[in-house]
Amino acid sequence: MNGSLRKELSWPSNAGIVAAWPMISTGHKILNAKFNNSFTWADSIAIAGAAGVEKAGGPAISVGLGRPDSVGADPRVGLATEPLLGINLTGDEAVAAWAQFGQSPETLATLMGGHSIGRSALTPLQGPLGPPSFTNYFYKAVLEQKCSFAVDNALASQPQTAPVVRAYAADQALFFEEFSKHYRAMTWWGVAGGDPGAYLG
C-alpha cells in the first residue's frame, strides 16, 4: 500500500471508493494537523480500511505508521480498466493471480472475507444494501454457493483455499484473528523493509 489510490479515483475499478474518499481525505488532514504531519496518505488509507471493518462489527486492527507515499498512480493501470475485473475468475486463476504478487492462497481466502460488507459478494449488484455487518457469514455463503461473484464461490472448491473457507465458516474468532494479521500485512506490501512490527500467522 503506497497511497497511490489518491491518484486513481477515476479508474473504473475504484468507483466504489469515490463516495468514501472525502471522509478519508478529511480524516487525513485532521490527523496530520493534530500529530504534526505524521501520517502519509498510505497510512491514512490503511487506517480508514481498518476503521471501516471495526465500525461494521469486525476486529480492531492496529496497522502501524510509516508507509511511504507514491508520487503517482500505479503503473499497472491495465489491472484496473474494468470496474468488476476478476469477479468471474476460477479458484485456480485467482490463486495464480495473487501468486504473481507473492501472496499465498491463505492470504487470498482470508482477505476475500472483506467481501462480507459492501455491494459485493453477498448483495445484488443493483438494489439497496442492508446494514453492513462484518462476520464470518461470507464463508458460510461461499460453502452454500450463494455469493454474487463467481470467484468468491470458487473458493469452496479450490484445493488450497477450501480448507481456509471451512475453518472460517466454523469459527468467527479464528477468522477475525487471521483477517487482522493478513490485513495489516497487506497494508505493508511493497514497502522496503516491510512492517516494522510484522506478523503473519
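The values are calculated or read from the model by the stated rules, or taken from the named source; none is laboratory data. Computed from a predicted model, the values in this text were never measured in an experiment. Neighbour counts run over all protein chains shown; Cβ positions are idealised from the backbone, glycine included.
Being in a loop (DSSP other than H, G, I, E, B) and touching a Pro at 6+ places or on another chain (Cβ under 7 Å) is the requirement here; does Asn2 meet it? So that I can check it myself, show each step before the final result.
Values: in a loop (DSSP other than H, G, I, E, B): yes; touching a Pro at 6+ places or on another chain (Cβ under 7 Å): yes.
Answer is yes for this residue.
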Next on the checklist: Given the condition modelled with pLDDT under 95, within 27 Å of Ser133 (Cβ to Cβ) and touching a Gly at 6+ places or on another chain (Cβ under 6 Å), answer yes or no: does some residue in segment 56-70 qualify?
Outcome noted: yes
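Looking at Ala94, Ala42, Ala48 in this structure, which one is part of a helix (DSSP H, G or I), in contact (Cβ under 8 Å) with a residue 60 or more places away in the chain and touching a helix residue (DSSP H, G or I) at 6+ places or on another chain (Cβ under 6 Å)?
On the way: Ala42 fails: touching a helix residue (DSSP H, G or I) at 6+ places or on another chain (Cβ under 6 Å); Ala48 fails: in contact (Cβ under 8 Å) with a residue 60 or more places away in the chain.
So the residue among Ala94, Ala42, Ala48 that is part of a helix (DSSP H, G or I), in contact (Cβ under 8 Å) with a residue 60 or more places away in the chain and touching a helix residue (DSSP H, G or I) at 6+ places or on another chain (Cβ under 6 Å) is Ala94.
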Checklist entry - In this structure, does Ser38 turn out to be surrounded by 12 or more Cβ atoms within 10 Å (Cβ to Cβ) and of a type in the set (Gly, Ala, Ser)? => result no
Checklist entry - Do the conditions hold for Ile87, that is, is it at pLDDT below 90, part of a loop (DSSP other than H, G, I, E, B) and either surrounded by 16 or more Cβ atoms within 10 Å (Cβ to Cβ) or under 16 Å from the mean Cα position of the chain (by Cα) (or both)? => result yes
Next on the checklist: Could you list, ordered by first residue, the pairs with Cβ atoms under 6 Å in which the first is in segment 167-196 and closer than 30 Å to Ser70 by Cβ and among the aliphatic types (A, V, I, L, M) and the second is buried (at least 19 other Cβ atoms within 10 Å of the Cβ) and at pLDDT below 95, at least 6 apart or interchain?
Outcome noted: Val191/Arg67
Next on the checklist: When you check Lys181 against the structure, is it over 12 Å from Met112 (Cα atoms), among the charged types (D, E, K, R) and at pLDDT 90 or above, yes or no?
Outcome noted: yes
Item to check | Any pair with Cβ under 6 angstrom, 6 or more apart, that starts in segment 11-34 at a residue that is in contact (Cβ under 8 Å) with a residue 40 or more places away in the chain and ends at one that is surrounded by 15 or more Cβ atoms within 10 Å (Cβ to Cβ) and among the charged types (D, E, K, R) | outcome: Asn14/Glu8
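Any residue at all in segment 120-128 that is outside the structural domain of Gly52 (by TED's automatic domain parsing), at pLDDT 85 or above and crowded, with 19+ Cβ neighbours inside 10 Å? Break it down into steps so the answer makes sense when it comes.
Kept after step one, since they are outside the structural domain of Gly52 (by TED's automatic domain parsing), are these residues of segment 120-128: 120-128.
With at pLDDT 85 or above added as a condition, the list becomes none.
Checked against the condition, which is being outside the structural domain of Gly52 (by TED's automatic domain parsing), at pLDDT 85 or above and crowded, with 19+ Cβ neighbours inside 10 Å, segment 120-128 yields no hits at all.
From the list Ala99, Ala73, pick out the single residue that is within 17 Å of Tyr183 (Cα to Cα) and modelled with pLDDT under 95. Lay out the reasoning, then the answer.
Details: Ala73 fails: within 17 Å of Tyr183 (Cα to Cα).
Of Ala99, Ala73, the one residue that is within 17 Å of Tyr183 (Cα to Cα) and modelled with pLDDT under 95 is Ala99.
Taking the criterion of being among the acidic types (Asp, Glu), part of a loop (DSSP other than H, G, I, E, B) and modelled with pLDDT of 95 or more, would at least one residue in segment 164-178 satisfy it? Spell out how you get there, then give the answer.
Step one: list which residues in segment 164-178 are among the acidic types (Asp, Glu), which gives 171, 177-178.
Filter once more, so that each one left must be part of a loop (DSSP other than H, G, I, E, B): 171.
So of that shortlist, the ones also modelled with pLDDT of 95 or more come out as 171.
There is at least one residue in segment 164-178 that is among the acidic types (Asp, Glu), part of a loop (DSSP other than H, G, I, E, B) and modelled with pLDDT of 95 or more.
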